[in-house]
Every structure is written in structure tokens, then in C-alpha cells.
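Asker: Would you mind keeping the following structure in view while I ask a few things?
The values are calculated or read from the model by the stated rules, or taken from the named source; none is laboratory data. All figures in this text were calculated on a predicted structure; none of them were measured in a lab. We place every Cβ from the backbone using ideal geometry, glycine too, and count neighbours over all the protein chains shown.
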Amino acid sequence: MKHSSKERRRWLVWHANHGRNIAATSRQFGISRSTLYRWLGRYDPDKPSKPLRAHSRKPHNKRKPLWSEHHLVRVADISAEHPKWGCIRLHRAVVAQGWQVSASTVGRMLRRINSRCPICNGSDRHEAQIHAFRRDLHNLDIPLRKPPGIPRGHASKKDKDAAVSEAEQIIQNRDWDRN
């Protein structure tokens, strides 16, 4: 957020106190006139204590995919068979199978596959052999789980205490008075 709510309120108060001159107010604070007009539109003089916060710039509507999971898996299979192919060649292969889909849609599918393949379950590696193995497991409805973590070689507190007590016993049992 570039300007705080207090700064915006200061702009609007100054604007009201100095003859409602848009150009003078924007020059005074170093902001564009369109910015000042935007905040004047959002300001409610009946509720002066209402904060002047920026609205979210996130899109209100997100495009939903036009393909099914089956189509995505099939494009992922073709992509795994031919990893060097881009969206144009994959589009030709998909059209040859009888699907009516555009090259840009295949490109969006490919982008989705490379970021999060439905077979590889978000794995960073989308390679032909791994993909084929996981596809077969997916077709058999076998849940694919991550392997258990490899235990690290860190010492626990018990191990440290045992080593210290063992060293103390060696020192105590040792005959130091030998000549």
C-alpha cells in the first residue's frame, strides 16, 4: 500500500478546506488527479471516521477450466511420451484423437500439468517413467503416499547425557596415582 488511510484523509480534508480545487490538492501532495478523484468517490462525508483503505486488486471472477480431469490426464500422458513437444504439437496430437480444443487451451493445460500434474500429485519431476508408474497406480486406485522420512543422524539429549556420564565414569574409575 503506497499511502496510508491517514494520508488519504489528510488529502480530503485539505481539499475541502482549500476551495475543493482538484489540481491544487494534487500538486500539494504530489498525487495524480485521478487518484484524488478515486478517493473522493470513496469518501463518505456522513461517516468521516470510516477508514479509507485500498480495495483488493484480485479479479472477482476466475476462469474455470473447460476440460475434464480425463482430458488433462491424456494430455499429460502425451506430454510424458513426447517431453520436447510444445502446445502446438500437443494440440495437433489432441485434434488427431478427435477432440475439439484450441491450441491456447492445450497451452493452459500444459501449464497446469507442468505446475501440478494430476498423476504426479504436484511432484516437481514430471518425467515419462515416473509419470507412467504413477499413472498405472492411479488407474488401479492405489493411493500414493509419500515414503516415510529418513531419520537424521542428530544426537538426542539422552545420547549426549549418556556420553557425558560415561566419560565421568571412565575418569573416576581410572587410576590416576600411578607412578
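Asker: If I ask for residues that are more than 31 Å from the chain's Cα centre (by Cα) and surrounded by 11 or more Cβ atoms within 10 Å (Cβ to Cβ), which ones from the range 49-91 would you list?
Answerer: Once the filter is applied, which keeps residues that are more than 31 Å from the chain's Cα centre (by Cα) and surrounded by 11 or more Cβ atoms within 10 Å (Cβ to Cβ), the range 49-91 yields only Lys50.
Residue-by-condition table, conditions (1) at pLDDT 85 or above; (2) closer than 30 Å to Ser5 by Cα:
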| residue | (1), (2) |
| --- | --- |
| Ser56 | no, yes |
| Ala80 | no, no |
| Trp85 | yes, no |
| His91 | yes, no |
| Gly98 | yes, no |
| Ala103 | yes, no |
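Asker: Being in contact (Cβ under 8 Å) with a residue 40 or more places away in the chain and either outside the structural domain of Arg112 (by TED's automatic domain parsing) or hydrophobic (A, V, I, L, M, F, W, C) (or both): is that true of Arg20 here?
Answerer: no
Asker: Can you tell which of Gly86, Gly98, Gly107 is in the same structural domain as Phe133 (by TED's automatic domain parsing) and in contact with a Cys (Cβ under 9 Å, 6 or more places away or on another chain)?
Answerer: Exactly one of Gly86, Gly98, Gly107 is in the same structural domain as Phe133 (by TED's automatic domain parsing) and in contact with a Cys (Cβ under 9 Å, 6 or more places away or on another chain), namely Gly107.
Asker: Please specify each residue of the range 9-28 satisfying the condition of being over 14 Å from Pro45 (Cβ atoms), of a type outside the set (A, V, I, L, M, F, W, C) and in a helix (DSSP H, G or I).
Answerer: Answer for the range 9-28, where residues must be over 14 Å from Pro45 (Cβ atoms), of a type outside the set (A, V, I, L, M, F, W, C) and in a helix (DSSP H, G or I): Arg10, Thr25, Ser26, Arg27, Gln28.
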